[in-house]
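Novice: Input: one structure, supplied below.
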Amino acid sequence: MAGNWKMYKTPAETKAFFDAFLPLVAESKHCEVAICPPFVNIHAAVEAARGTRVGVGAQNLYWKNEGAFTGEISGPMIKAAGAEWAIVGHSERRQFFGETDATVLERTKAALACGLRPIVCVGERLEEREGGRTETVLAEQFGSGIAPLDAESFAKIVIAYEPVWAIGTGKTATPEMAADAHRSLRALVIAKYGAAAGAAVRILYGGSVKPDNVKGLMAQPEIDGALVGGASLDAGSFASIVNF
């Protein structure tokens with residue numbers, strides 16, 4: 001269960017969140033938990049989560065280790081700050097900041113090279129779903145943004161299916177719709193990397209996941225976890241999702 005805080009919270013608010021959240025998930029050992037705050041909050045999150053099972057991640061990273069790239073943050077910097085995870089290719093990065101499947105691949109490789117665990121996002125827009133192109137879009141994103149990884153690298157990533165039309169809109173794919181997309185993605189994995197990789201890969205669902213719908217989503221065998229946006233900003237809400 002991963003929380004993506006997007007552009008919310010200060011370091012002080014981050015500490016307050018963890019003070020409230022950690023006791024609520026202290027006995028939760030059925031899943032890995034990660035929280036991805038803004039870059040400036042990573043240190044506060046790492047300090048607050050120290051000694052617990054809750055991991056910390058970044059929401060993005062640049063694919064060069066250092067250089068004249070004003071405003072960018074590299075994987076080694078994120079790793080040095082104590083983070084373990086990195087979200088790559090979130091739909092908002094694709095929509096607002098020109099992210100492409102090619103840059104998703106570069107960022108994923110960069111994360112792996114410095115020991116971060118990438119959560120690689122894929123998903124279709126509303127017009128693509130309504131046009132019956134969901135499987136085609138997922139195949140294109142997988143083919144260009146993930147499939148060039150070798151098998152050893154692929155085994156270290158997590159995939160997140162996040163239909164763009166369900167991000168921050170309050171709309172949620174039905175559990176069956178989400179499961180169909182996950183099944184399609186798993187078939188792509190099996191075709192490229194084999195049955196064992198298909199069984200082992202974790203595919204998260206992201207798209208307006210809330211305490212009142214997480215149980216139905218997680219009842220689907222194809223769904224291995226969730227990438228949670230707005231509901232991860234409240235300690236009680238996210239704990240309810242973790243403890244579904």
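Novice: I'm checking my understanding of the structure. Among residues of the range 60-80 that are out of contact with any Lys or Arg (no Cβ under 9 Å at 6 or more places or on another chain) and aliphatic (A, V, I, L, M), which one is surrounded by the most Cβ atoms within 10 Å (Cβ to Cβ)?
Specialist: Step by step, filter the range 60-80, then rank; the result is I78.
Novice: Kindly establish whether I167 is crowded, with 18+ Cβ neighbours inside 10 Å, of a type in the set (V, I, T) and out of contact with any strand residue (DSSP E or B) (no Cβ under 7 Å at 6 or more places or on another chain).
Specialist: Considered against the rule, which asks whether it is crowded, with 18+ Cβ neighbours inside 10 Å, of a type in the set (V, I, T) and out of contact with any strand residue (DSSP E or B) (no Cβ under 7 Å at 6 or more places or on another chain), I167 comes out as yes.
Novice: Since Q95 meets every condition but one in (1) touching a residue at least 40 places away in the same chain (Cβ under 8 Å); (2) within 17 Å of F238 (Cβ to Cβ), which condition does it not meet?
Specialist: (2)
Novice: Condition first: outside any loop (DSSP other than H, G, I, E, B) and buried (at least 20 other Cβ atoms within 10 Å of the Cβ). Now tell me which residues in the range 187-214 satisfy that.
Specialist: Of everything in the range 187-214, those that are outside any loop (DSSP other than H, G, I, E, B) and buried (at least 20 other Cβ atoms within 10 Å of the Cβ) turn out to be L188, V189, I203, L204, Y205, V214.
Novice: Next question, about the same structure. Of all residues in the range 167-186, which are of a type in the set (D, E, K, R) and part of a loop (DSSP other than H, G, I, E, B)?
Specialist: K171
Novice: Give the range 216-244 a look and list any residue that's of a type outside the set (D, E), touching a helix residue (DSSP H, G or I) at 6+ places or on another chain (Cβ under 6 Å) and part of a loop (DSSP other than H, G, I, E, B), or say none.
Specialist: Correct list: Q220, I223, F244.
Novice: Residues to consider are A83, A2, A111; find the one that is surrounded by 17 or more Cβ atoms within 10 Å (Cβ to Cβ) and either out of contact with any strand residue (DSSP E or B) (no Cβ under 7 Å at 6 or more places or on another chain) or more than 19 Å from G229 (Cβ to Cβ) (or both).
Specialist: A111
Novice: A further question follows. Tell me, which strands (runs of 3 or more DSSP E) wholly within the range 1-101 include 3 or more residues that are over 15 Å from the mean Cα position of the chain (by Cα)?
Specialist: Where strands (runs of 3 or more DSSP E) fall fully within the range 1-101, none carries at least 3 residues being over 15 Å from the mean Cα position of the chain (by Cα).
Novice: I'd like the full set of residues that are assigned to a loop (DSSP other than H, G, I, E, B) and in contact (Cβ under 8 Å) with a residue 60 or more places away in the chain, limited to the range 148-166.
Specialist: Scanning the range 148-166 gives a single hit, E162.
Novice: Scan the range 109-123 for residues that are under 14 Å from I203 (Cα atoms) and assigned to a loop (DSSP other than H, G, I, E, B) and jot them down.
Specialist: G123
Novice: Taking the condition of being crowded, with 17+ Cβ neighbours inside 10 Å, farther than 18 Å from Q220 by Cα and not small (G, A, S), how many residues in the range 136-164 meet it?
Specialist: 9
Novice: Going through the range 119-134 one residue at a time, which ones are surrounded by 13 or more Cβ atoms within 10 Å (Cβ to Cβ), of a type outside the set (D, E) and farther than 14 Å from K171 by Cα?
Specialist: Once the filter is applied, which keeps residues that are surrounded by 13 or more Cβ atoms within 10 Å (Cβ to Cβ), of a type outside the set (D, E) and farther than 14 Å from K171 by Cα, the range 119-134 yields I119, V120, C121, V122, G123, R133, T134.
Novice: State whether one or more residues within the range 45-59 are polar (S, T, N, Q), crowded, with 21+ Cβ neighbours inside 10 Å and under 12 Å from I119 (Cβ atoms).
Specialist: Checking the range 45-59: at least one residue is polar (S, T, N, Q), crowded, with 21+ Cβ neighbours inside 10 Å and under 12 Å from I119 (Cβ atoms).
Novice: For S237, are the conditions met, namely being farther than 16 Å from T169 by Cβ and polar (S, T, N, Q)?
Specialist: Spelling it out, S237 is indeed farther than 16 Å from T169 by Cβ and polar (S, T, N, Q).
Novice: Check L149 against each of (1) of a type in the set (A, V, I, L, M); (2) closer than 19 Å to T103 by Cβ; (3) touching a Leu at 6+ places or on another chain (Cβ under 7 Å) and name the one condition it does not meet.
Specialist: (3)
Novice: Identify, from the list W63, W85, the residue that is among the aromatic types (F, W, Y) and closer than 19 Å to Y205 by Cα.
Specialist: W85
Novice: Kindly list the number of the only condition in (1) modelled with pLDDT of 95 or more; (2) within 13 Å of the chain's Cα centre (by Cα); (3) more than 23 Å from G55 (Cβ to Cβ); (4) of a type outside the set (K, R) that fails for P163.
Specialist: Of everything listed in (1) modelled with pLDDT of 95 or more; (2) within 13 Å of the chain's Cα centre (by Cα); (3) more than 23 Å from G55 (Cβ to Cβ); (4) of a type outside the set (K, R), P163 misses just condition (1).
The values are calculated or read from the model by the stated rules, or taken from the named source; none is laboratory data. Source: prediction; values computed, not measured. Because the Cβ atoms are built from the backbone with ideal geometry, glycine has one as well, and the counts that use them run over all protein chains shown.
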